[in-house]
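Student: After the structure tokens below, expect a handful of questions from me.
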Amino acid sequence: MLQIEDLQVKLGDKEILRHIDLEILPGEIHILFGPNGSGKTSLLMTIMGYPQYRVTGGKILFKGQDITHMSVNERARLGIGMSYQRPPTIHGVKTRQMIEICAKEKIDVDALAKKVNFSEFLKRDVNEGFSGGEIKRSELLQLMAQDADLFLFDEPESGVDLENISLIGNIISELLQRDFRVESKKTQKERHKERTKMGLIITHTGFILDYVTADKGQVLFDGSLTCTTNPREIFRCISRVGYEECIRCAT
Amino acid sequence: MRDLNERALRAKDKTSNLGLDIDLDTYGSEPVSHSYVEDLDALSEADKERMIMAGIDAEETERSGTYVQKDASVIYSRSRQEGIEVIPIIEALKKYEWVQDYYWKLVPVDTDKYTARTQLDLHNGYVIRALPGSKVVYPVQACMYMEREGLSQNVHNIIIAEEGSELHIITGCATAAHLQSGLHVGVSEFYVKKNARLSFTMIHYWAEEMMVRTRSAGIVEEGGLFLNNYICMKPVRSLQMYPTTHLVGKGAVARFYSLLVGSPESQMDIGGRIYLKEPDTRAEIISRAITNGGNIIARGDLIGEVPGVKAHLECQGLILNGGSIHAIPELEGMIDGVEMSHEAAVGKIAQDEILYLMSRGLSEDEASATIVRGFLSVDIPGLPPQLKAEIDRAVEQSDKDMSM
């Protein structure tokens, strides 16, 4: 479980997250909406533990541990994984090597890469000259290798071409144990009970909702979390009347 | 020969423009002779180990020939493939007249006191030649090994890739573990004939107080390719070199790559200069320098003399733990229609790259090491896999020393 209590965060001198409370239970997927600059990425980076996001109040608990001041790699080892929107290029480090770094044990990198149509890129430097869509597939591939328990997705569908969007959507769904295409002798109820993976997904376009059945939606506006309700409902509301009007329901 | 000696004598005190001036009298030890071995296996384990570090394989598996010189003595010289010649230069000068056509033809004997000394007190060196159309199956390896304290090892090498041939050489310079100080003066002349391909990969593994001055030049004819790789990741007191290559035939290509790690107290001044003298010639100089407290000067100079040439220079430096990096990239376009570019950057490891790797589970130290290793891992197209493996090994090895 991820539990965020009264979290306040500053970036430099600027207050960017105000009194955030958020709880993601094992097996739950949350969608995070919000206009540009509202603090969505900052929230993910804070959960991941980026030191420039300075926690000035409140705390973050994960799997019962207070991780508020834990280093990034300790959080990764504890089971938090993030898909970045604009990850840095690391020269001389091949994508294949990066996938191996992500995996805690030996894995079949080629088989994994094939799933996201990324075999051709394994020999390239990680993120070097990748298009927006290629970055998403690379990030997804890294997360597949990492096999975290809490997945943080920063706009996983932005820049992805139509051909790959269902691919990405379905893989995310699979990572989060929501893939209904999987053959199983178990009933849906049993499978539902077995879900443990948690997800927090930022989306602008809402495309991801066509592939991933999410449990809750939240709107982050000006550093504060407002609505918490059915993500489809929020998405439709934003689409029709815009963020400002939409968050009125909460105020 | 007399003329060469006279010119050398006149230059015997001529200082070099680059690098601190070395008092040659300090390195006055007389060489002691070492006996020739029939099998490299006869070398001591300690010697073998040092040579392995410089890329020399005593088993000679996957090597087309071997030359090993210890101080001033050739202790092993053998070709393992027809069409490939490996001959000690003193023997070659006595036996074959053609060697004169290449001896001091690219590097002037009176360049400075180091070239002069190499002429006046020659401690051998090698001639490695691929006959026309011959293609090596595996690289040829050459090792200049120094054991004698206070010796100045003066060697002259000639490398010839005849028309249509393909030759790959890995050359390691190393010193015995006990050696503290010494001077290595090496003159190398490279001839890449029409449509020939030559790669020359030099891995240096010096002692902390070693002084090194090399003087080398190359010429590449029409359609030829010359790859020159230099790797030095171990401490050295003072190292200065500025190899020059002339692209004199249409479509000739030269690429220089250097990977440098400057340890505390090390002074490295390393450059590369390529003249593009014919249309469609291509040149590339790429250097990656890391300092842990040493001072590194990374020079590069590209001179485009005719239209239709392409040249690129790249100097990247990382300062990890004190020291300095001075990148001096130069481009000289002499006429309309040249395409020349350079990029240079000196900095530190980017924090966002470290955090990115940490978010995949690496500790901060592991992340830095991974980035540094990546920084030093440059793709060198055309390099045989055995040599790629040797370079990777040198990088891995240096990694262990760079505990940050």
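The values are calculated or read from the model by the stated rules, or taken from the named source; none is laboratory data. The structure presented is a predicted model; accordingly, all values stated were derived computationally and were not measured. Cβ sites come from the backbone with ideal geometry, for glycine too, and all protein chains shown count toward neighbours. Heads up: the accessible areas ignore ligands, DNA and RNA and are worked out on the full protein's heavy atoms, side chains in. Shrake-Rupley method; radii C 1.70, N 1.55, O 1.52, S 1.80 Å.
Student: Does A:Ile172 satisfy being open to solvent by less than 30 Å² (accessible area, probe 1.4 Å), within 17 Å of A:Glu28 (Cβ to Cβ) and within 18 Å of the chain's Cα centre (by Cα)?
Tutor: yes
Student: Identify the single condition in (1) within 14 Å of another protein chain (Cβ to nearest Cβ); (2) out of contact with any Ser or Thr (no Cβ under 7 Å at 6 or more places or on another chain); (3) in contact (Cβ under 8 Å) with a residue 40 or more places away in the chain; (4) open to solvent by 20 Å² or more (accessible area, probe 1.4 Å) that A:Leu61 does not satisfy, given that it satisfies every other one.
Tutor: The one condition A:Leu61 does not meet is (1).
Student: Another question about this same structure. For a quick check of your reading of the model, give me the residue pairs whose first member lies in the range B:185-212 and is at pLDDT below 95, whose second is aliphatic (A, V, I, L, M) and open to solvent by 30 Å² or more (accessible area, probe 1.4 Å), with beta-carbon atoms closer than 7 Å and at least 6 apart or on different chains.
Tutor: Within 7 Å, the pairs are B:Tyr205/B:Met53.
Student: Next question. Do the conditions hold for B:Ile325, that is, is it in the same structural domain as B:Gly19 (by TED's automatic domain parsing), assigned to a loop (DSSP other than H, G, I, E, B) and at pLDDT 95 or above? Walk me through it before giving the result.
Tutor: Numbers: in the same structural domain as B:Gly19 (by TED's automatic domain parsing): yes; assigned to a loop (DSSP other than H, G, I, E, B): no; at pLDDT 95 or above: yes.
When the stated conditions are applied, B:Ile325 does not pass them.
Student: Let me ask something else about it. Answer yes or no as to whether A:Ile99 is more than 8 Å from every other protein chain (Cβ to nearest Cβ), open to solvent by 10 Å² or more (accessible area, probe 1.4 Å) and not in a strand (DSSP E or B). Outline the logic, then answer.
Tutor: On the way: more than 8 Å from every other protein chain (Cβ to nearest Cβ): yes; open to solvent by 10 Å² or more (accessible area, probe 1.4 Å): no; not in a strand (DSSP E or B): yes.
Taking the combined requirement at face value, the residue does not satisfy it.
Student: Is it the case, given these coordinates, that B:Glu353 is open to solvent by 70 Å² or more (accessible area, probe 1.4 Å) and within 11 Å of another protein chain (Cβ to nearest Cβ)? Steps first, please.
Tutor: Details: open to solvent by 70 Å² or more (accessible area, probe 1.4 Å): no; within 11 Å of another protein chain (Cβ to nearest Cβ): yes.
When the stated conditions are applied, B:Glu353 does not pass them.
Student: Based on this model, can you work out whether A:Glu105 counts as under 23 Å from A:Lys197 (Cα atoms), surrounded by fewer than 17 Cβ atoms within 10 Å (Cβ to Cβ), without any contact (Cβ under 8 Å) to a residue 40 or more places away in the chain and within 12 Å of another protein chain (Cβ to nearest Cβ)? Walk me through it before giving the result.
Tutor: Details: under 23 Å from A:Lys197 (Cα atoms): yes; surrounded by fewer than 17 Cβ atoms within 10 Å (Cβ to Cβ): yes; without any contact (Cβ under 8 Å) to a residue 40 or more places away in the chain: yes; within 12 Å of another protein chain (Cβ to nearest Cβ): yes.
Against the criterion (under 23 Å from A:Lys197 (Cα atoms), surrounded by fewer than 17 Cβ atoms within 10 Å (Cβ to Cβ), without any contact (Cβ under 8 Å) to a residue 40 or more places away in the chain and within 12 Å of another protein chain (Cβ to nearest Cβ)), A:Glu105 qualifies.
Student: Considering only residues that are surrounded by fewer than 21 Cβ atoms within 10 Å (Cβ to Cβ) and more than 7 Å from chain B (Cβ to nearest Cβ), look in the range A:83-92 and name the one that is nearest to A:Pro26 (Cα to Cα).
Tutor: Within the range A:83-92, the match that is nearest to A:Pro26 (Cα to Cα) is A:Gln85.
Student: Moving on to the next point. Looking at the structure I just gave you, is B:Glu390 closer than 26 Å to A:Met98 by Cα and within 8 Å of another protein chain (Cβ to nearest Cβ)?
Tutor: Working: closer than 26 Å to A:Met98 by Cα: yes; within 8 Å of another protein chain (Cβ to nearest Cβ): no.
Taking the combined requirement at face value, the residue does not satisfy it.
Student: Check the range B:338-345 and report whether any residue there is part of a strand (DSSP E or B), modelled with pLDDT under 95, within 14 Å of chain A (Cβ to nearest Cβ) and open to solvent by 50 Å² or more (accessible area, probe 1.4 Å).
Tutor: The answer is yes, given that some residue of the range B:338-345 is part of a strand (DSSP E or B), modelled with pLDDT under 95, within 14 Å of chain A (Cβ to nearest Cβ) and open to solvent by 50 Å² or more (accessible area, probe 1.4 Å).
Student: Can you find even one residue in the range B:48-64 that is closer than 30 Å to B:Gly133 by Cβ, outside any loop (DSSP other than H, G, I, E, B), at pLDDT 85 or above and open to solvent by less than 10 Å² (accessible area, probe 1.4 Å)?
Tutor: no
Student: Scan the range A:66-82 and tell me whether some residue there is more than 14 Å from every other protein chain (Cβ to nearest Cβ) and either in a helix (DSSP H, G or I) or farther than 20 Å from B:Ser363 by Cβ (or both).
Tutor: Initially, the range A:66-82 is screened for residues more than 14 Å from every other protein chain (Cβ to nearest Cβ), giving A:66, A:68-69.
Cutting the leftovers down to either in a helix (DSSP H, G or I) or farther than 20 Å from B:Ser363 by Cβ (or both) gives us A:66.
Taking every residue of the range A:66-82 in turn, at least one turns out to be more than 14 Å from every other protein chain (Cβ to nearest Cβ) and either in a helix (DSSP H, G or I) or farther than 20 Å from B:Ser363 by Cβ (or both).
Student: Taking the range A:38-58, which residues are away from every other protein chain (no Cβ under 14 Å) and under 17 Å from the mean Cα position of the chain (by Cα)? Explain how you work it out, then say what you get.
Tutor: If we filter the range A:38-58 for residues that are away from every other protein chain (no Cβ under 14 Å), which is where we start, we get A:38-40, A:42-43, A:54-58.
Passing the criteria: A:Ser38, A:Gly39, A:Lys40, A:Ser42, A:Leu43.
Student: Cβ-Cβ below 7 Å, separation at least six or inter-chain, first residue in the range B:13-31 and open to solvent by 80 Å² or more (accessible area, probe 1.4 Å), second β-branched (Val, Ile, Thr): which pairs?
Tutor: B:Asp21/B:Thr15
Residues checked against (1) buried (at least 20 other Cβ atoms within 10 Å of the Cβ); (2) under 22 Å from B:Leu227 (Cα atoms):
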site: B:Met268; (1), (2): yes, yes
site: B:Ala283; (1), (2): yes, yes
site: B:Thr291; (1), (2): yes, no
site: B:Gly322; (1), (2): no, no
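Student: Determine, yes or no, whether A:Gly159 is away from every other protein chain (no Cβ under 14 Å), more than 28 Å from B:Ile380 (Cα to Cα), open to solvent by 20 Å² or more (accessible area, probe 1.4 Å) and not polar (S, T, N, Q).
Tutor: Working: away from every other protein chain (no Cβ under 14 Å): yes; more than 28 Å from B:Ile380 (Cα to Cα): yes; open to solvent by 20 Å² or more (accessible area, probe 1.4 Å): yes; not polar (S, T, N, Q): yes.
Here the answer is yes, as A:Gly159 does meet what is asked.
Student: Another one. Of B:Ser377, B:Ser363, B:Ser359, which residue is within 10 Å of another protein chain (Cβ to nearest Cβ), under 30 Å from B:Ala142 (Cα atoms) and without any contact (Cβ under 8 Å) to a residue 60 or more places away in the chain?
Tutor: Numbers: B:Ser363 fails: under 30 Å from B:Ala142 (Cα atoms); B:Ser359 fails: under 30 Å from B:Ala142 (Cα atoms).
Going through B:Ser377, B:Ser363, B:Ser359 in turn, just one is within 10 Å of another protein chain (Cβ to nearest Cβ), under 30 Å from B:Ala142 (Cα atoms) and without any contact (Cβ under 8 Å) to a residue 60 or more places away in the chain: B:Ser377.
Student: Across the range B:32-47, what is the total count of residues that are open to solvent by 90 Å² or more (accessible area, probe 1.4 Å) and either touching a Leu at 6+ places or on another chain (Cβ under 6 Å) or not in a loop (DSSP other than H, G, I, E, B) (or both)?
Tutor: 1
Student: State which residue pairs qualify: first residue over 21 Å from A:Asp21 (Cα atoms) and inside the range A:222-251, second residue at pLDDT below 80 in any location, beta carbons under 8 Å apart, and separation of 6 or more residues or different chains.
Tutor: Listed by first residue and then by second, the contacts come to A:Cys237/A:Glu245; A:Cys237/A:Cys246; A:Cys237/A:Cys249; A:Ile238/A:Cys246.
Student: Still on this structure, please answer the following. What is the one condition in (1) of a type in the set (A, V, I, L, M, F, W, C); (2) part of a strand (DSSP E or B); (3) within 14 Å of chain B (Cβ to nearest Cβ) that A:Ile4 does not satisfy?
Tutor: (3) is the only condition that A:Ile4 fails.
Student: Moving on. When you scan the range B:69-83, how many residues do you find that are of a type in the set (A, V, I, L, M, F, W, C) and open to solvent by 40 Å² or more (accessible area, probe 1.4 Å)?
Tutor: In the first step, residues of the range B:69-83 are kept if they are of a type in the set (A, V, I, L, M, F, W, C); the result is B:72, B:74-75.
Within this subset, residues satisfying the condition of being open to solvent by 40 Å² or more (accessible area, probe 1.4 Å) are none.
Residues that pass the stated criteria total 0.
Student: Report whether or not B:Tyr230 is surrounded by fewer than 23 Cβ atoms within 10 Å (Cβ to Cβ), closer than 22 Å to B:Pro384 by Cα and not small (Gly, Ala, Ser).
Tutor: On the way: surrounded by fewer than 23 Cβ atoms within 10 Å (Cβ to Cβ): yes; closer than 22 Å to B:Pro384 by Cα: yes; not small (Gly, Ala, Ser): yes.
Against the criterion (surrounded by fewer than 23 Cβ atoms within 10 Å (Cβ to Cβ), closer than 22 Å to B:Pro384 by Cα and not small (Gly, Ala, Ser)), B:Tyr230 qualifies.
Student: Looking at the range B:144-202, what strands (runs of 3 or more DSSP E) fall wholly within it and have at least 2 residues that are under 18 Å from B:Gln81 (Cβ atoms)? Don't jump to the end; show me each part of the working.
Tutor: Values: elements: B:152-161, B:166-175, B:181-192.
Answer list for the range B:144-202: B:152-161, B:166-175.
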